[in-house]
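Everything on this sheet refers to the single structure shown next.
Every read-out reported here was derived from the displayed coordinates using simple, explicitly stated rules and does not represent laboratory data. Since the structure is predicted, the reported quantities are computational estimates derived from the model, not experimental observations. Heads up, the Cβs are rebuilt from the backbone with ideal geometry, glycines too, and the neighbour counts pull from every protein chain shown.
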There are 2 protein chains.
Amino acid sequence: MLVRTCLTADGLPQEITGKEAVVVIDVLRASSTIITAFNSGCREVIPVASPEEALEMKKNLPKECLLGGEREALIIPGFDLGNSPQEYRPEIVRGKTLVMTTTNGTKALILSKGAASSLIGGFLNASAVTGKLASAPEVLLACAGTKGRFSLEDFAAAGAIAHRLSIRGAKLADLTMAACGLYLAYREKLEALLSASEHGQRIIRLGWQADISYCGQEDLCPVVPVFQENSLRIVI
Amino acid sequence: MLVRTCLTADGLPQEITGKEAVVVIDVLRASSTIITAFNSGCREVIPVASPEEALEMKKNLPKECLLGGEREALIIPGFDLGNSPQEYRPEIVRGKTLVMTTTNGTKALILSKGAASSLIGGFLNASAVTGKLASAPEVLLACAGTKGRFSLEDFAAAGAIAHRLSIRGAKLADLTMAACGLYLAYREKLEALLSASEHGQRIIRLGWQADISYCGQEDLCPVVPVFQENSLRIVI
């Protein structure tokens, strides 16, 4: 198994060959929020590109559907939930369908469509994702980045998954080896790394320090959301 | 001081604002070869874009000028020297002007022209480069990469310089923090890291394992080649 890495959502289409399992990683916060939603018992997450598309879709879905996501890290007018994983508690999302739109994470997911399969990964489910990838011939760790720029926290989470894959014998491409090195240097202080990152600093300024602590925890949620036919579900 | 990082020579022009000191890093092997040439007493290195330009330039330079460089990692027909630092010994290059062309390193140097200043850096002169950058308001660590792709060894050397700058109080952008993490994870085993890199593997297949060991040594050559008026010199 060869494990490649891509640094931004925008760069994803040219990296996809069609043979690989893509792991979409947007640690702060779309990946972490989606993983948490499924860990809280949500039934399905439908990623869409724009708030308008989400509002339009809600008209055609049952009433128990919820709209979630962000623009500029803030909740979108008319939406039920923002993009903080802390909002996605069992009493709110259990059994529900969520329609989500975020700036980077859901964009990367939509751009991963040409791949053999797409999963959602982060620190929260690093080991579970690794298990799910066991039979993939190729893996592409797709860091969502932030508005077309590199994001430290996504790269470190790619490293967390890459490290686990390398223990199982996977071959790491250069960029993946770099991600792995970053993870190994900071695995005991992930919260500090996430807090120091450019996007982490923005999240902290907005008052969500608790999200940083939460999203930097490894293997808290043993669930792997799989993207099939335009929506995410847990596939057993 | 803010320290940014760029991953390939091709990406360099859009990162340059004009305010920064650029450090061009092509560990395997242009940077390491040029640093070694100056450490061996060479007087001047003129980087050019193509073998044809180098051959044409030689006609107008004194006879003691030497042509060096590579295409596909091999010496260019009609040239005096290839791109192995081991060739650039004092008895060969002392007092000489070298005209050099390489696939990635000299290309990055030529593309750095809009910056406030350009230096050559690598593991070999990491501490010396850090000292030279002390008064720069901004630094851009320009990894040359390999034919438009990320190179692990350049990123790790960017990390070696970034780590030294951060000790002096510099602020590291996300990508620079990642490079620093990679360096910190592998600082005791740089030869292993360079050997495992994609370009390192190619160099080894061509029989230059000794170059890998050599280029991964920190602070062996306390010289900083500075790019001014189309040529590199040691500026005191």
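A few comments on the model shown:
- Take residue A:229, move 7 Å from Cα toward the beta carbon, and the resulting point lies 7.2 nm from the same point in each other copy, nearest first.
- Gain upon complete extension [residue A:50, residue A:19; 0.36 nm per residue less C-alpha separation]: 8.3 nm
- Whole-Hz Karplus values for segment A:89-100 come out as 7, x, 5, 8, 10, 4, x, 8, 9, 10, 9, 10 Hz, taken residue by residue from phi with 6.51 cos²θ - 1.76 cosθ + 1.60 and θ = phi - 60°; glycine and proline positions read x.
- Averaged over peptide B:148-158, the number of partner chain Cβ atoms lying within 10 Å of each residue's Cβ comes to 3.
- Distances between copies of residue B:77, taken at a point 7 Å out from Cα along the Cα→Cβ vector and listed shortest first: 7.0 nm.
- Over all pairs of different C-alpha atoms in segment B:23-164, the reciprocal of the mean inverse distance, the Kirkwood hydrodynamic radius, equals 15.2 Å.
- Inter-label distance, nm, simple model (7 Å from Cα along the C-beta direction), residue B:94/residue A:61: 7.6 nm
- Flagged links, alpha-carbon separation over 21 Å, of A:107/A:147; A:63/A:132; A:19/A:113: A:63/A:132
- Built amide H within the under 5 Å cut-off of residue A:118, gap 5+: A:22, A:227
- Mean partner shielding of peptide B:179-189, defined as the number of other chain Cβ atoms within 10 Å of each residue Cβ, is 5.
- For the segment A:169-175, counting C-beta atoms of other chains within 10 Å of every residue's C-beta and taking the mean gives 4.
- For the pair residue B:191 and residue B:228 in one chain, pulling the backbone fully straight at 0.36 nm per residue adds 10.1 nm over the alpha carbon distance.
- The share of alpha-carbon pairs in segment A:1-75 lying farther apart than 20 Å comes to 47%.
- Of interest is the spacing of the C-alpha centroids, which for segment B:43-71 and segment A:215-236 amounts to 57 Å.
- Copy-to-copy label separations for residue A:210, where each label sits 7 Å from Cα toward Cβ, in nm and ascending: 6.3
- Mean sequence separation of contacting Cα pairs (under 8 Å, at least six apart), scaled by the length of chain A, corresponds to a relative contact order of 33 percent.
- Taking 7 Å steps out from each Cα toward its Cβ at residue B:202 and residue B:135 produces label points 3.9 nm apart.
- Near residue A:141, the amide H atoms lying under 5 Å from its own belong to A:4, A:5, A:6, A:23; only residues 5 or more places off or on other chains count, and H is placed 1.01 Å from N.
- You can think of it this way: the chain between residue B:72 and residue B:171 has 32.0 nm of extra reach, that is 0.36 nm per residue less the Cα-Cα gap.
- In order through segment A:62-74: 3J(HN,Hα) via Karplus (6.51 cos²θ - 1.76 cosθ + 1.60), integer Hz, x for Gly, Pro: x, 5, 6, 6, 10, 9, x, x, 8, 9, 6, 6, 10
- Loop-located trypsin sites (Lys or Arg not before Pro) in segment B:1-106 whose Cβ has at most 10 other Cβ within 10 Å (DSSP): B:63
- When chain A is turned onto chain B, its residue with the beta carbon nearest the axis, and that distance in whole angstrom, is A:185, 2.
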